[in-house]
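In what follows, a single structure is set out as structure tokens and then discussed.
The values are calculated or read from the model by the stated rules, or taken from the named source; none is laboratory data. A quick note: this is a predicted structure, and the numbers were derived from the prediction, not measured. Because the Cβ atoms are built from the backbone with ideal geometry, glycine has one as well, and the counts that use them run over all protein chains shown. Surface areas here come from the heavy atoms of the whole protein model, side chains and all, with no ligands, DNA or RNA. Shrake-Rupley method; radii C 1.70, N 1.55, O 1.52, S 1.80 Å.
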Amino acid sequence: MTDMVDVLSWDKSIDKDVKTNDDKKVGKVRAVTTDYIQIQKGTLDKKYYFVPKHYIQGYDGDDIWLALTEEEVKQFESEKEMPLSSFDNAQYRERKSVVEKQYPQFSSAIPTYSSKGQAQNKVGMSWDKVIGEEVKSADAKDLGKVESIAADYVEVKEGTINKKHFYIPKSFVEEFDGKKLHVSLTKDEVKDRYERDSPPLPAEFESNEYKDISRQREAKYPQYRELIPLMAKEPGLEMKGQESGGILKIPWEEIIHKHVRTSDNVDIGDVDKVGNEFIVVREGVVSIHLYYIPKSYINHYDGSSLWVNVPSGLVSAKFERKNEPTKEEMDMILKEAENKKVNEVR
């Protein structure tokens, strides 16, 4: 079965166009080293950028995409390869760790990336969808409701008579749980730093402090400017493992995009969504298959792959759906899973 990650080996990236995450073309790949890709911009008045590999988001079939803006790429302009010490800081090491955890094959292949329909490959939703939704602080206090969305911040309005407005940078938004937007600041921090009567000026988002926070957020969730991460449900739920009979603690918030393997060790795709009773597994890039697998089939998680207690030959017949299953279909699948568990215990 096709592995969604292994789509383009590094040597095949030569001469591919390179784009930034603000949709600017910055040149073509001219060389690949252990740590960098070399990008050439222009033919007469040439410029060269040595961009560390882990700032690459992926390949969409046409272009290589970076997790950097056009302005941020300029810091890597150089006539020759730069020493590792010039960029090997805590922020880059954090991004490197996140990328390699998400894409175990990164050293040999560039991940798949969908620039046109990001929501298809990322678990998230567009920012405009949360206008009118309630907002919660890190200390579980109500902040009000989302009034408007801007490029760099979310406007939150508290109260109806004595109104207060908080202009919270997007980099402090953690996730949306389906009902409420969660931010990583306490209510006091929000009030002290972001309560005001008028929107912030663009220059306020050019500070080094804000840029550092944005890079850290981007390392954790590269698409946060376009999509809000959706909260995985039931975090930390304990399940009885079928493999050992012991208790499994599945960190649902961490398994999005993890590989899923069957009992005969076949990779059937990546976790696309997590629901109350199911995980949704997506396989393929052009020809996409969606598998709705009950959580009760999960019998092992090793940090990089989730293992399900079903052979690969039965996955499609039992779990593949073009659309989300109806309640009747879900009940039927869950009943079958429960019967299977009972038979295994006997």
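Let's see how each residue does on (1) basic (Lys, Arg); (2) open to solvent by less than 60 Å² (accessible area, probe 1.4 Å); (3) in contact (Cβ under 8 Å) with a residue 40 or more places away in the chain:
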{"residue": "Ser287", "(1), (2), (3)": "no, no, no"}
{"residue": "Ile298", "(1), (2), (3)": "no, yes, yes"}
{"residue": "Val310", "(1), (2), (3)": "no, yes, yes"}
{"residue": "Ala317", "(1), (2), (3)": "no, no, no"}
{"residue": "Asp331", "(1), (2), (3)": "no, no, no"}
{"residue": "Glu338", "(1), (2), (3)": "no, no, yes"}
Out of the stretch 25-45, which residues are at pLDDT 90 or above, farther than 16 Å from Ser107 by Cβ and of a type outside the set (Gly, Ala, Ser)? Lys25, Val26, Lys28, Val29, Arg30, Gln38, Ile39, Gln40, Lys41
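Could you list all residues from the stretch 165-188 that are in contact with a strand residue (DSSP E or B) (Cβ under 8 Å, 6 or more places away or on another chain) and surrounded by fewer than 15 Cβ atoms within 10 Å (Cβ to Cβ)?
Quick first cut of the stretch 165-188, residues in contact with a strand residue (DSSP E or B) (Cβ under 8 Å, 6 or more places away or on another chain) only: 165-170, 172-185, 187.
Those that are in contact with a strand residue (DSSP E or B) (Cβ under 8 Å, 6 or more places away or on another chain) and surrounded by fewer than 15 Cβ atoms within 10 Å (Cβ to Cβ): Asp177, Gly178, Lys179.
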Which numbered condition Ala219 misses (of (1) exposed (fewer than 14 other Cβ atoms within 10 Å of the Cβ); (2) modelled with pLDDT under 75; (3) assigned to a helix (DSSP H, G or I)): (1)
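Starting from residues that are outside any loop (DSSP other than H, G, I, E, B), of a type outside the set (Lys, Arg) and closer than 28 Å to Lys273 by Cβ, keep the ones in the stretch 157-180 and report whichever is farthest from the chain's Cα centre (by Cα).
Within the stretch 157-180, the match that is farthest from the chain's Cα centre (by Cα) is Ile168.
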Exactly one condition in (1) hydrophobic (A, V, I, L, M, F, W, C); (2) assigned to a loop (DSSP other than H, G, I, E, B); (3) farther than 30 Å from Ile256 by Cα; (4) open to solvent by less than 30 Å² (accessible area, probe 1.4 Å) is not met by Val26; state its number. (2)
In the stretch 147-156, is there at least one residue being modelled with pLDDT of 90 or more, out of contact with any helix residue (DSSP H, G or I) (no Cβ under 7 Å at 6 or more places or on another chain), open to solvent by 40 Å² or more (accessible area, probe 1.4 Å) and not in a loop (DSSP other than H, G, I, E, B)? yes
Name the residue, out of Asp22, Asp17, Asp35, Asp11, that is in contact with a Ser or Thr (Cβ under 7 Å, 6 or more places away or on another chain) and charged (D, E, K, R). Asp22
Of all residues making up the stretch 9-23, the number that are outside any strand (DSSP E or B) and of a type in the set (Val, Ile, Thr): 2
Quick one: in the stretch 282-331, which of the residues that are polar (S, T, N, Q) and out of contact with any Phe, Trp or Tyr (no Cβ under 9 Å at 6 or more places or on another chain) is farthest from Pro111 (Cα to Cα)? Thr326
